[in-house]
There are 2 protein chains.
Amino acid sequence: MTMTSPDAATGGHEAVALLERARALVDPELRSAVASLPDPIRRVARYHLGWEDEHGRPVHQGGGKVIRPALVLAATRALGADPLGAVRPAVAVELTHNFTLLHDDVIDEDPTRRHRPTAWAVFGVPDAIVTGDAMMSLAARLLAADPHPASAAAVTRLSDCVIELCAGQQNDCAFEDRAPDDVTLDEVLTMATAKTGALLGSSCALGALYANADGEAVAALDAFGREAGLAFQLIDDLIGIWGDPERTGKPAGADLASHKKSLPVVAALASGTEAAEELAELYRHPMDAAAVRRAASAVERAGGRDWAQNEAADRMARAVQELSRAVPDLSAAEELLALAEFVTRRTH
Amino acid sequence: MTMTSPDAATGGHEAVALLERARALVDPELRSAVASLPDPIRRVARYHLGWEDEHGRPVHQGGGKVIRPALVLAATRALGADPLGAVRPAVAVELTHNFTLLHDDVIDEDPTRRHRPTAWAVFGVPDAIVTGDAMMSLAARLLAADPHPASAAAVTRLSDCVIELCAGQQNDCAFEDRAPDDVTLDEVLTMATAKTGALLGSSCALGALYANADGEAVAALDAFGREAGLAFQLIDDLIGIWGDPERTGKPAGADLASHKKSLPVVAALASGTEAAEELAELYRHPMDAAAVRRAASAVERAGGRDWAQNEAADRMARAVQELSRAVPDLSAAEELLALAEFVTRRTH
């Protein structure tokens, strides 16, 4: 996947530097917000965020990649304001993201995340649920207590986003219970937009709100983040089938082995080809390693791999188009473009 | 338990009328808020609220008793403002209450609530978790999008309340895993205040905020609700041991059979009496009906029943004292007093 920006080749280094800067800005505020949580919940949050091991001892491996906070800060800068004024919404989206991870891991019964046991696996389901709830309320609290004029609009938008995230997660679970060829590509695209695009879009929109942008610019930034988020999900789904297990931490074909109805798979199933029938049949039974390889080949022969790659490129093009509505001179938005390209080119 | 108000005998009728009026005001707004949720989540919410059966057909049995919304409206009136202006926070606290019920039922693996299967038992754990999340965000959204000047303070307070509720629920679960005589009465009182008092206090505080009351009055109303909430929990715990199963929907002694470390039980265990030792021993093993009767008798002989009744009366007295700080002429607060008395005298 390539991007329309002429300096795409340098985007990777710039994005890494942006993420480092975002972490340096966000980390102290995030730690201080988490420190305000009551004790047993705080400990689960600190474990989940990768700051402590299960005994409460500090660890230095770090947590996630703070992509969403970096998007908030970059969006504020793209709209001509100082990112230092948008640290709070950056912290709020990181809390929101981690709340969804805590609950998703419970819901999906996932035993590992970022190469460590998940919070529910260590502390139990009750602690993981209430810690997620508390982190979500902490995000709303940070924004509501902010004297910034966009405070109320930010809470409203973030709350709408959480409701959409919940709907996406619900759909995802519901799809897993349906027959492989019963789920349509439109349904999966809507689900992926809700589950992944909504929070990336809201991150950009919050950054715009904190730059005191008008409604149209906020909507354009939201659309930029959503389209980039869908591109990200498409690439993530490709990695889930053909990715490098050394880098992803999960075996190649993991999504196929778990019968996941990811975007390339559903596109393949909807292709009306012989390979689609072969794939549907494979998805009706447990798969060993050989069956997983046959399934990956069937997705490719049915056109699922090409479709996902093209769709990701299209979505990125649309993202840039949306962005240019709010920032006609895209050189002012180079940080946003670098981040978007980074997440859609990532191999880990 | 009696109350300090001279017209306590008539409080029951007045409270029922207040609850009916609160329901009439809150129901349309609550239904319209829930209607804004995306579809599968909306259906789970409507089931949980008692509006629909598991097939989505309307039912007319009604949901909970809207005590918290009634407290919001009564607090607004007690501080001299029109309750009609406080319908939104009333809806928000009812959404918050129901979000906690949805998650608590998952966490406690409770199969029934209000004489029906719980939402997770009907729709599965994933749907119950995400519906709770969505209802909480809907509550924050309603308040944040409100042009009322207290909007931001209301979101902040409700978010703090949710964090406290989460801590209370976490403590409750953690206590269940500890030895019967290892949990102190102070710990259980703190837990009960967090789990029950916090939201009743916040309901009153939100009503005060929406009456544009000053910080001291808001704090006094919060303290009133917290103390009344603890009185309510003490009475609820007594009902859990000696209540009428016809009215409570659960067998007498249910809390003992499930080894619940309720307030009268922990007070009894902490009494240093022979009956306390007998109770601790009974709590170490599964109990049949005869053992449950012996345990109830031991709680009583150890002084747990009397303590809980006296403590509830004390808490109600303190509640009234707190209230009088904000409303010196208590006749202006007769609705709040009637509601507080109702919840602490209830036998169902």
When you look at B:Arg293, is it crowded, with 18+ Cβ neighbours inside 10 Å and not hydroxyl-bearing (Ser, Thr, Tyr), yes or no? no
Can you tell me which residue is surrounded by the fewest Cβ atoms within 10 Å (Cβ to Cβ) among those in the stretch B:137-156 that are in contact (Cβ under 8 Å) with a residue 24 or more places away in the chain and either more than 10 Å from every other protein chain (Cβ to nearest Cβ) or closer than 19 Å to B:Gln169 by Cβ (or both)? B:Pro149
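Residue by residue, here is whether (1) at pLDDT 95 or above; (2) more than 30 Å from A:Ala205 (Cβ to Cβ) holds:
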residue	(1), (2)
A:Asp244	no, yes
A:Gly253	no, yes
A:Ala257	no, yes
A:Ala276	yes, yes
A:Ser297	yes, yes
A:Asp306	yes, yes
A:Leu330	no, no
In the stretch B:119-136, the residues that are more than 11 Å from chain A (Cβ to nearest Cβ), touching a residue at least 60 places away in the same chain (Cβ under 8 Å) and over 13 Å from B:Phe99 (Cα atoms): B:Val122
So, in the stretch A:82-104, of the ones that are of a type in the set (D, E, K, R) and within 14 Å of the chain's Cα centre (by Cα), which residue ends up surrounded by the fewest Cβ atoms within 10 Å (Cβ to Cβ)? A:Asp104
Residues that are closer than 18 Å to B:Val183 by Cβ and without any contact (Cβ under 8 Å) to a residue 12 or more places away in the chain: list the helices (runs of 4 or more DSSP H) wholly contained in the stretch B:239-348 that include at least 2 such residues. B:274-282
List, please: which pairs have Cβ atoms under 8 Å, are six or more places apart or on different chains, and start with a residue in the stretch B:76-95 that is in contact (Cβ under 8 Å) with a residue 40 or more places away in the chain and end with one that is basic (Lys, Arg) and buried (at least 24 other Cβ atoms within 10 Å of the Cβ)? B:Ala90/B:Arg68; B:Val93/B:Arg68; B:Glu94/B:Arg68
For the stretch A:184-191, check the following and say yes or no: at least one residue is at the interface with chain B (Cβ under 7 Å from one of its Cβ atoms), in a helix (DSSP H, G or I) and in contact (Cβ under 8 Å) with a residue 60 or more places away in the chain. no
Taking the condition of being more than 8 Å from chain B (Cβ to nearest Cβ) and of a type outside the set (D, E, K, R), how many residues in the stretch A:166-177 meet it? 2
Out of everything in the stretch B:247-290 that is exposed (fewer than 15 other Cβ atoms within 10 Å of the Cβ) and of a type in the set (Lys, Arg), what residue ends up being farthest from B:Glu311 (Cα to Cα)? B:Arg284
Of all residues making up the stretch A:81-132, the number that are of a type in the set (D, E, K, R) and not in a helix (DSSP H, G or I): 6
Any chance the stretch B:197-205 includes a residue that's facing chain A (nearest Cβ under 9 Å), assigned to a helix (DSSP H, G or I) and in contact with a helix residue (DSSP H, G or I) (Cβ under 7 Å, 6 or more places away or on another chain)? no
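Each row is one residue, and each column tells you yes or no for (1) out of contact with any Gly (no Cβ under 8 Å at 6 or more places or on another chain); (2) within 20 Å of A:Lys195 (Cα to Cα).
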position: A:Gly229; (1), (2): no, yes
position: A:Pro251; (1), (2): yes, no
position: A:Pro264; (1), (2): no, yes
position: A:Val299; (1), (2): yes, no
position: A:Gln309; (1), (2): yes, yes
Which condition number does B:Arg178 fail, the rest of (1) at pLDDT below 95; (2) of a type in the set (D, E, K, R); (3) within 20 Å of the chain's Cα centre (by Cα) being met? (3)
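The values are calculated or read from the model by the stated rules, or taken from the named source; none is laboratory data. This structure is a prediction, so every number in the text was calculated from the model and none was measured. Methodologically, a virtual Cβ is constructed for each residue, glycine included, from the backbone with ideal geometry; neighbour enumeration extends over all protein chains shown.
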